[in-house]
Amino acid sequence: MNQTHQNMKKSLPKSSVFIFVLTLSFSTSWAALSSILDATPGSEDFISCIKSNSNNVSVSQLTFTSANASFLPIWQAAVQNTRFLKPSTRRPSVIVTPVEETLIQTTLLCAKEHGYELRIRSGGHDYEGLSYTADAPFVMLDFTNMRSIDVDVANSTAWVQAGAVLGEVYYAISQKTDTLYFPAGVCPTVGVGGYMGGAGYGNLLRKYGTAADNVIDARFMDVNGNILDRKSMGEDLFWAIRGGGVSSFGIVLAWKLRLVPVPEKVTVFILNKTLEQGATEIFHKYQTVIPAIDRNLHIRTQVFEIYIGNTTKKTVNIMFEGIYQGTTDTLLPLLDEKFPELGVTREICEEIKMIQSTLVFWGFPSSLPTEILTNRSAIAKLNNKSKSDYIRKPIPISGLKKLWKKFMENDESALLMINPFGGRMADYSETAIPYPHRAGVLLQVLKTVNFNGQASDTTPTSLRRLSWLRSLEELLTPYVSKNPREAYSNYNDLDFGVGNANYQEASVWGERYWKRDNFKRLIRIKAKVDPENFFRRPQSIPVFSSSLSDI
């Protein structure tokens with residue numbers, strides 16, 4: 001996404017935007033599979049276990065070790081954040097790319113029997129690489145072959161397998177209707193398997209809430225290989241997997257999504273303001289006006305420093321990216337009344353289909369064929385380190401000036417991406433699903449530095465960029481949420497720590513993502529559904545040896 005950002009900065013002030021089925025598989029009963037394994041004990045080798053206990057004659061074409069020529073390309077395809085493409089990154093012992101559910105069951109049992117950890121990859125950004133790296137020997141379950149999408153326009157629903165990415169979901173919907181959509185993110189490469197597991201947000205959050213708020217069922221495999229739906233798993237587990245980190249509890253196979261109504265045409269606009277053009281005062285007002293404005297309007301901002309013309313003088317640029325669920329004729333009077341300082345004019349507004357807005361917010365022209373959203377290789381990967389925050393009180397002018405000064409110290413590798421909340425987000429209780437960042441939140445902030453032009457994230461330049469990001473974190477401390485300082489679990493950040501020996505240790509990061517009540521409930525659910533803590537990774541929901549009454 002930073003590559004697009006750099007291209008966009010070069011072309012300012014042009015209107016260019018940065019960003020960054022269910023055909024249900026054949027299933028056998030777990031009891032039957034277990035009896036096969038018990039009757040024919042496999043060798044100690046994981047591959048032998050898979051081959052000897054799979055009914056799929058193509059299993060040898062679906063499993064890969066480092067001895068296979070396809071192993072490295074398949075693993076690299078999973079690495080959406082290229083800072084992990086380095087020799088020191090621990091790779092899986094085996095990659096399994098199932099095409100049906102029985103192979104997933106077999107993979108799970110063989111991993112348990114032969115002492116492997118399991119990592120589940122469905123696509124997506126995965127900011128800390130936890131779906132394809134591990135410190136212990138592990139198997140990577142790659143859902144790339146399980147990505148079917150079944151859109152039911154009459155019932156406004158869709159069943160989506162875990163390996164599909166958001167771009168494929170949006171495209172599949174658009175092939176059947178222009179007046180339904182799914183309220184998820186703007187990045188087309190994000191995999192749906194894990195995305196809803198962290199709740200997920202996007203340009204429709206002020207009108208329809210998070211993506212997980214609009215999940216109505218799931219097809220899910222627990223640690224014993226049982227395949228469950230909402231009814232059979234129970235409301236506690238269904239609550240947990242929608243925002244509490246689904247991979248802590250088992251393997252999501254598919255989600256049933258509630259599609260939401262959108263107009264045939266939406267209005268988008270892009271507007272850049274520098275400090276010299278009053279960006280400070282405009283952003284100061286933005287913090288309170290936009291979270292309280294009509295829910296049909298969402299205006300994201302991006303903050304970065306640029307050079308002024310061909311000079312060596314820097315300034316800060318704020319890009320305002322708006323999307324309105326309606327026409328330009330309705331949008332302009334709204335902004336003229338509520339936010340005239342922004343200066344949106346008819347000339348910069350474009351009325352397009354919702355599917356085209358996803359193109360625009362990813363940095364493509366709206367005229368591009370929307371099929372590109374299904375082409376995973378056409379979308380630039382990331383190369384960055386990111387952190388998140390939530391703002392509940394407007395940053396004062398004095399604080400904004402400190403922030404701009406900090407940006408002037410950067411080497412054009414930094415970006416703030418800021419999304420307004422309010423609207424529908426404030427309607428939900430913070431315990432409705434595990435995602436707690438609801439009423440009272442004005443803005444969510446993503447802070448990023450990229451490592452473009454660097455051989456790794458450990459070069460002197462990269463380390464300076466990381467140091468700058470951490471100093472920015474410190475500068476923002478007085479202006480962001482407190483007790484806890486909230487963070488978004490889908491933007492996982494291992495700088496918070498990974499300790500989980502007891503609640504006090506785990507709460508350092510767990511309460512930032514989920515707050516205390518939700519985190520404790522997640523721990524209790526985890527103890528019931530995965531008491532041996534097989535589904536584990538850094539910052540996964542822990543299991544404690546102490547009594548739950550002590551938590």
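Show the residue pairs that are 6+ apart or on different chains and have beta-carbon atoms under 6 Å apart, the first residue being within segment 491-509 and farther than 26 Å from Asn384 by Cα, the second being β-branched (Val, Ile, Thr).
Tyr503/Ile551
Can you tell me which condition Tyr390 does not meet? The list is (1) surrounded by fewer than 18 Cβ atoms within 10 Å (Cβ to Cβ); (2) under 18 Å from Val289 (Cα atoms), and all the others hold.
(1)
So, in segment 101-125, how many residues would count as being assigned to a helix (DSSP H, G or I), farther than 20 Å from Val160 by Cβ and charged (D, E, K, R)?
Count: 2.
One residue is enough: does segment 354-370 have a residue meeting the conditions open to solvent by less than 10 Å² (accessible area, probe 1.4 Å), under 30 Å from Tyr479 (Cβ atoms) and of a type in the set (Gly, Ala, Ser)?
For segment 354-370, residues open to solvent by less than 10 Å² (accessible area, probe 1.4 Å), under 30 Å from Tyr479 (Cβ atoms) and of a type in the set (Gly, Ala, Ser): absent.
Among (1) closer than 25 Å to Gly198 by Cα; (2) open to solvent by 40 Å² or more (accessible area, probe 1.4 Å), where does Leu469 come up short?
The failed condition is (2).
Could you tell me whether any residue of segment 152-165 is in contact with an Asp or Glu (Cβ under 6 Å, 6 or more places away or on another chain), open to solvent by 40 Å² or more (accessible area, probe 1.4 Å) and part of a strand (DSSP E or B)?
Yes, some residue in segment 152-165 is in contact with an Asp or Glu (Cβ under 6 Å, 6 or more places away or on another chain), open to solvent by 40 Å² or more (accessible area, probe 1.4 Å) and part of a strand (DSSP E or B).
Are there any pairs, at least 6 apart or on different chains, whose C-beta atoms fall under 6 Å, with the first in segment 316-330 and farther than 10 Å from Leu271 by Cα and among the hydroxyl-bearing types (Ser, Thr, Tyr) and the second assigned to a loop (DSSP other than H, G, I, E, B) and open to solvent by 20 Å² or more (accessible area, probe 1.4 Å), and if so, which?
Tyr324/Asn296
Return the only residue of Gly209, Gly202, Gly194, Gly124 being under 28 Å from Thr431 (Cα atoms), open to solvent by less than 10 Å² (accessible area, probe 1.4 Å) and at pLDDT below 95.
When all the criteria are applied, what remains is Gly124.
Starting from residues that are of a type in the set (S, T, N, Q) and under 18 Å from Ala164 (Cβ atoms), keep the ones in segment 335-382 and report whichever is modelled with the lowest pLDDT.
Checking each candidate, the answer is Ser377.
The values are calculated or read from the model by the stated rules, or taken from the named source; none is laboratory data. Keep in mind that this is a model prediction, so the values were computed, not measured. With ideal geometry, Cβ positions are generated from the backbone for all residues, glycine too; neighbour counts draw on all protein chains shown. We work out accessible area using only protein heavy atoms, side chains counted, and drop any ligands, DNA or RNA first. Shrake-Rupley method; radii C 1.70, N 1.55, O 1.52, S 1.80 Å.
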